[in-house]
Amino acid sequence: MPAEPAAGIAREVTDISRLPLVRLLQLASPTLPIGAYSYSQGLEWAVEAGEICDAAGAQTWIGDVMEWVVAPGDAAACWRLLEAARDGDWPRLAKWNSWFRATRETSELRAETEQTGGSLVKLLHDLGLLDGSVAEAMPALAPVTHPAAYALAAQAFAVPVGDALTAYVWSWLENQVLAAMKLVPLGQGAGQRLLLALGARIPQVVGTATSRDDADLSTFAPGLYLASARHETQYTRLFRS
């Protein structure tokens, strides 16, 4: 009968196994210095136009974007980018990076993903997390989008792709709710209720994203992109998109 491991060794193994979770929390934290908090993705114009005037309106707007854009498009592309980064498949990573950038329908949304993606890559470089093979692949990714940079970060932190995708959607949701809290405005309690209700839909979003065929990815949402385009000329605003 094999001897049981010493308590100290077992505890050390358990502690090490938690490290990917720690890195995931760091990656999904709103304190990550990439500037994501400064974008509303058209939500600011929707409030200005009276489309959103309370918590119920904010939940409907954000929930619709989750269903019609994030699940079948943004998160589905991020899933493919996460898999490509995990496998070191740089041509595939470049392909879906280009696809994602091409689906940004307005100059604001394109500038947002390029700015946050570039900032995240710079952070990874500053932290010494970009190895030689990734550095060689970077020219093909220029300009790098946010989900592509996120995929490289998840790979560098050894975060499982399923967990990384869940955190990616959560970060998007949290930023949208924080924007709604500032713009509508909503109180802290209302914001937490939004996160509770909309967060419950994230497993379904992840399921949709991971089960879509490549040819079925879609970000078709004219109302969202009209809101983003109109925000570009909005007279007063707090957010950059």
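The values are calculated or read from the model by the stated rules, or taken from the named source; none is laboratory data. Just so we're clear, the structure is a prediction, and the values are computed from it rather than from any experiment. All Cβ positions, even for glycine, are placed from backbone atoms using ideal geometry, and neighbour counts span all protein chains on display.
Here are a few things to note about the model shown:
- Residues that are modelled with pLDDT of 95 or more, more than 19 Å from P139 (Cβ to Cβ) and in contact with an Asp or Glu (Cβ under 8 Å, 6 or more places away or on another chain) do occur in region 53-63, at least one of them.
- Within region 182-196, not a single residue is surrounded by 17 or more Cβ atoms within 10 Å (Cβ to Cβ), among the hydrophobic types (A, V, I, L, M, F, W, C) and within 17 Å of P72 (Cα to Cα).
- Scanning region 1-43 for residues that are among the polar types (S, T, N, Q), loosely packed, with under 11 Cβ neighbours inside 10 Å and assigned to a helix (DSSP H, G or I), we see that the one that is modelled with the lowest pLDDT is T14.
Okay, residues lined up against (1) part of a loop (DSSP other than H, G, I, E, B); (2) crowded, with 19+ Cβ neighbours inside 10 Å; (3) in contact with a Gly (Cβ under 9 Å, 6 or more places away or on another chain):
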{"site": "W45", "(1), (2), (3)": "no, yes, no"}
{"site": "E67", "(1), (2), (3)": "no, no, no"}
{"site": "L81", "(1), (2), (3)": "no, yes, no"}
{"site": "F100", "(1), (2), (3)": "no, yes, yes"}
{"site": "E108", "(1), (2), (3)": "no, yes, yes"}
{"site": "S119", "(1), (2), (3)": "no, no, yes"}
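- Of the helices (runs of 4 or more DSSP H) entirely within region 140-237, those holding at least 1 residues that are basic (K, R) occupy 161-183, 188-199, 222-231.
- Enumeration of residues in region 197-241 that are under 15 Å from G73 (Cα atoms) and loosely packed, with under 14 Cβ neighbours inside 10 Å: Q204, G207, S211, D213, D214, A215, D216, F220, P222
- When residues of region 94-118 are limited to those that are free of Cβ contacts under 8 Å to residues at least 40 places away in the same chain and polar (S, T, N, Q), the one nearest to H146 (Cα to Cα): T113
- Of the residues making up region 123-142, those that are surrounded by 14 or more Cβ atoms within 10 Å (Cβ to Cβ) and within 13 Å of L152 (Cα to Cα) are L123, L124, L129, L130, V134, A137, M138, L141.
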